[in-house]
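Novice: The structure that follows is given in the form of structure tokens.
The values are calculated or read from the model by the stated rules, or taken from the named source; none is laboratory data. From a predicted model like this one, the values you see are computed outputs, not experimental measurements. Here the Cβ positions follow ideal geometry from the backbone for every residue, glycine too, while neighbour counts run over all protein chains shown. Surface accessibility is based on the protein's heavy atoms, side chains included, excluding ligands, DNA and RNA. Shrake-Rupley method; radii C 1.70, N 1.55, O 1.52, S 1.80 Å.
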Amino acid sequence: MLNFAVGPVMMSDEVLAIGGEQIPYFRTPEFSRVMLENEQAVKELMGAPDDARVIFMTGSGTASMEATVMNTLSGADRALVVDGGSFGHRFCEILRIHGVPYTPIPCESGRVLTAEALAPFEGAGYTAFLVNLGETSTGVLYDLDLIADFCRRNHLFLIVDAISSFLCDPLDMRAAGVNVVITGSQKALATAPGISVICCDRTAQERIAAAGVASLYFDLSAYLRDGERGQTPFTPAVGILLQLHARLSQLVRDGGVRREVERARERAMYFRRQIEARGLPLRPFAEVPSNAVTSLVPVHEGISAYTVFETLKDEYNIFVCPNGGALRDRVFRVGHMGALTTADYDTLLTALSELAAGGRL
Ligand SMILES: *Cc1c(COP(=O)(O)O)cnc(C)c1O
């Protein structure tokens with residue numbers, strides 16, 4: 001099996017081996033040390049300020065998106081959300097459910113956010129800004145510098161969902177003045193799904209302390225308190241946290257975030273160049289693509305992107321990522337996260353060439 005989806009992704013042999021082991025009891029000094037080292041490594045890889053704190057939430061990325069909104073925003077805020085795809089919609093949905101007033105900044109599917117689109121919201125009384133740095137559903141990477149400048153000028157609390165962008169696209173939390181960065185275990189961290197990560201700067205920690213959130217499991221102040229000694233309020237996904245420990249140690253050892261982003265970029269560029277070199281009838285969908293994923297549109301009339309996904313799965317045992325909704329038959333995506341090699345991309349490209357030769361692409 002080859003998996004080019006945008007999560008879960010292919011895991012290294014080292015991470016896979018940990019997944020096959022028994023799970024140890026976790027209220028121990030040994031496990032606390034693992035957690036504190038995980039926190040330190042995440043901070044380093046995100047370029048977080050020294051006084052930032054990291055929460056490891058047992059739950060997928062959406063759990064951390066929701067927990068962040070519940071614990072750092074309230075009915076007294078006015079939030080702006082970049083709404084250019086299904087993950088932008090998800091933030092809107094979460095804000096609506098939790099009674100946080102918000103305005104979506106509409107962004108055409110596959111297109112970037114522009115300074116012109118932001119201009120009407122300048123000095124307009126907003127307090128917070130939420131963006132999915134990589135809008136994984138369309139493959140677009142938004143301009144963090146543009147957003148960071150806007151937030152600085154307007155004193156906005158900035159929440160960045162970097163669930164697919166972390167380790168794939170440049171992100172320096174301190175330089176961009178980001179207050180919260182969210183990521184997940186099953187994307188470029190390339191471990192099993194089930195853990196998501198919330199990195200909170202000092203301001204975010206203050207908002208969490210003041211929130212008094214009406215939830216037991218999603219009260220982040222309890223995670224911050226127990227995290228000081230490397231523990232969590234409830235039983236975490238211990239096995240995944242051990243996988244993360246191996247993966248984070250490997251990342252720090254192998255050149256850190258800059259080198260890892262470069263590796264993702266190399267995989268993405270190789271695949272994109274080969275599509276052109278082989279003359280495959282596919283065109284890119286994203287105006288500015290993230291290194292995490294390539295979104296592709298079959299150019300020939302009558303070819304369904306969803307059928308391409310199904311054929312690759314059923315006949316080749318290869319997963320690419322289908323789209324939903326209005327893009328279902330138009331767009332499919334190929335991920336560049338996880339333990340994928342040039343040879344793996346060649347296998348996929350050969351399969352795509354065969355489909356093209358048979359009139360099925
Ligand atoms: C994968 C992803 C999520 C989270 O999805 P889960 O299925 O809840 O893990 C959120 N935002 C982005 C941008 C993602 O790529």
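Novice: Can you go through F91, F87, F56 and tell me which one is aromatic (F, W, Y), touching a Pro at 6+ places or on another chain (Cβ under 7 Å) and either more than 20 Å from V178 (Cβ to Cβ) or open to solvent by less than 60 Å² (accessible area, probe 1.4 Å) (or both)? Give the steps one after another, and end with the answer.
Specialist: On the way: F91 fails: touching a Pro at 6+ places or on another chain (Cβ under 7 Å); F87 fails: touching a Pro at 6+ places or on another chain (Cβ under 7 Å).
Going through F91, F87, F56 in turn, the sole match is F56.
Novice: Sticking with this structure for a sec: Does the stretch 320-341 contain any residue that is hydroxyl-bearing (S, T, Y) and more than 28 Å from A162 (Cα to Cα)?
Specialist: Checked against the condition, which is being hydroxyl-bearing (S, T, Y) and more than 28 Å from A162 (Cα to Cα), the stretch 320-341 yields no hits at all.
Novice: Okay, moving on. Could you say whether any residue in the stretch 12-32 is of a type in the set (A, V, I, L, M, F, W, C), within 26 Å of G134 (Cβ to Cβ) and not in a strand (DSSP E or B)?
Specialist: Within the stretch 12-32, the first condition is being of a type in the set (A, V, I, L, M, F, W, C), and the residues that meet it are 15-18, 23, 26, 31.
Filter once more, keeping what is within 26 Å of G134 (Cβ to Cβ): 15-16.
After this cut, where a residue has to be not in a strand (DSSP E or B) as well, the list is 15-16.
Yes: the stretch 12-32 contains one or more residues that are of a type in the set (A, V, I, L, M, F, W, C), within 26 Å of G134 (Cβ to Cβ) and not in a strand (DSSP E or B).
Novice: Given the residues R258, R265, which is the only one that is in contact with an Asp or Glu (Cβ under 9 Å, 6 or more places away or on another chain) and open to solvent by 60 Å² or more (accessible area, probe 1.4 Å)?
Specialist: On the way: R258 fails: in contact with an Asp or Glu (Cβ under 9 Å, 6 or more places away or on another chain).
Exactly one of R258, R265 is in contact with an Asp or Glu (Cβ under 9 Å, 6 or more places away or on another chain) and open to solvent by 60 Å² or more (accessible area, probe 1.4 Å), namely R265.
Novice: Here is a follow-up. If you take the residues in the stretch 1-24 that are acidic (D, E) and under 23 Å from the mean Cα position of the chain (by Cα), which one is surrounded by the fewest Cβ atoms within 10 Å (Cβ to Cβ)?
Specialist: So in the stretch 1-24, the residues acidic (D, E) come out as 13-14, 21.
From what is left, the residues that are under 23 Å from the mean Cα position of the chain (by Cα) are 13-14.
Numbers: D13: 7, E14: 13.
That would be D13.
Novice: Looking only at the stretch 234-254, how many residues end up being open to solvent by 50 Å² or more (accessible area, probe 1.4 Å) and more than 20 Å from the chain's Cα centre (by Cα)?
Specialist: Taking the stretch 234-254 as the starting set, the residues that turn out to be open to solvent by 50 Å² or more (accessible area, probe 1.4 Å) are 234-235, 252-254.
Subset that is more than 20 Å from the chain's Cα centre (by Cα): 234-235, 253-254.
Of the residues in that region, 4 qualify.
Novice: Considering only the stretch 311-358, how many residues are part of a loop (DSSP other than H, G, I, E, B) and of a type outside the set (S, T, N, Q)?
Specialist: If we filter the stretch 311-358 for residues that are part of a loop (DSSP other than H, G, I, E, B), which is where we start, we get 317, 320, 323-324, 328-331, 336-341, 358.
Then keep just the ones that are of a type outside the set (S, T, N, Q); that gives 320, 324, 328-331, 336-340, 358.
Looking only at that region, the number is 12.
Novice: Is it true that some residue in the stretch 94-111 is more than 30 Å from V334 (Cβ to Cβ), within 16 Å of the ligand (Cβ to nearest atom) and crowded, with 21+ Cβ neighbours inside 10 Å? Talk me through it step by step, then tell me what you get.
Specialist: Kept after step one, since they are more than 30 Å from V334 (Cβ to Cβ), are these residues of the stretch 94-111: 95-103.
Pick out the ones that are also within 16 Å of the ligand (Cβ to nearest atom) and you get 95, 97.
Checking the rest, the ones that are also crowded, with 21+ Cβ neighbours inside 10 Å come to 95.
For the stretch 94-111, residues more than 30 Å from V334 (Cβ to Cβ), within 16 Å of the ligand (Cβ to nearest atom) and crowded, with 21+ Cβ neighbours inside 10 Å: present.
Novice: Wholly within the stretch 37-152, which helices (runs of 4 or more DSSP H) include no fewer than the required count, namely at least 2 residues that are under 30 Å from R253 (Cβ atoms) and at pLDDT 95 or above?
Specialist: Details: elements: 61-72, 86-97, 115-118.
Once the helices (runs of 4 or more DSSP H) in the stretch 37-152 are filtered for at least 2 residues that are under 30 Å from R253 (Cβ atoms) and at pLDDT 95 or above, what remains is 61-72.
Novice: List every residue pair whose Cβ atoms sit under 6 Å apart, with the two residues 6 or more apart in sequence or on different chains, where the first one lies in the stretch 52-71 and is touching a residue at least 24 places away in the same chain (Cβ under 8 Å) and the second, anywhere, is more than 14 Å from the ligand (Cβ to nearest atom) and among the basic types (K, R).
Specialist: The qualifying pairs are A52/K43.
Novice: Please enumerate the residues belonging to the stretch 177-201 that are among the aliphatic types (A, V, I, L, M) and open to solvent by less than 10 Å² (accessible area, probe 1.4 Å). Don't jump to the end; show me each part of the working.
Specialist: Start the filter on the stretch 177-201 by keeping residues that are among the aliphatic types (A, V, I, L, M), which leaves 178, 180-182, 188-190, 192, 195, 197-198.
Hits for the stretch 177-201 are V178, V180, V181, I182, A188, L189, A190, I195, V197, I198.
Novice: For the stretch 59-78, which positions are more than 16 Å from the ligand (Cβ to nearest atom), among the charged types (D, E, K, R) and either open to solvent by 40 Å² or more (accessible area, probe 1.4 Å) or under 14 Å from S196 (Cα atoms) (or both)? Can you show your working first?
Specialist: We begin by selecting, within the stretch 59-78, every residue more than 16 Å from the ligand (Cβ to nearest atom); these are 71-78.
Remaining after also requiring among the charged types (D, E, K, R): 77-78.
Residue satisfying the conditions is R78 alone.
Novice: Can you pull out every residue in the stretch 153-189 that is at positive phi and either within 13 Å of the ligand (Cβ to nearest atom) or in contact with a helix residue (DSSP H, G or I) (Cβ under 6 Å, 6 or more places away or on another chain) (or both)? Write out each step before concluding.
Specialist: Narrowing the stretch 153-189 to residues at positive phi: 155, 167, 177.
Those that are at positive phi and either within 13 Å of the ligand (Cβ to nearest atom) or in contact with a helix residue (DSSP H, G or I) (Cβ under 6 Å, 6 or more places away or on another chain) (or both): L167, G177.
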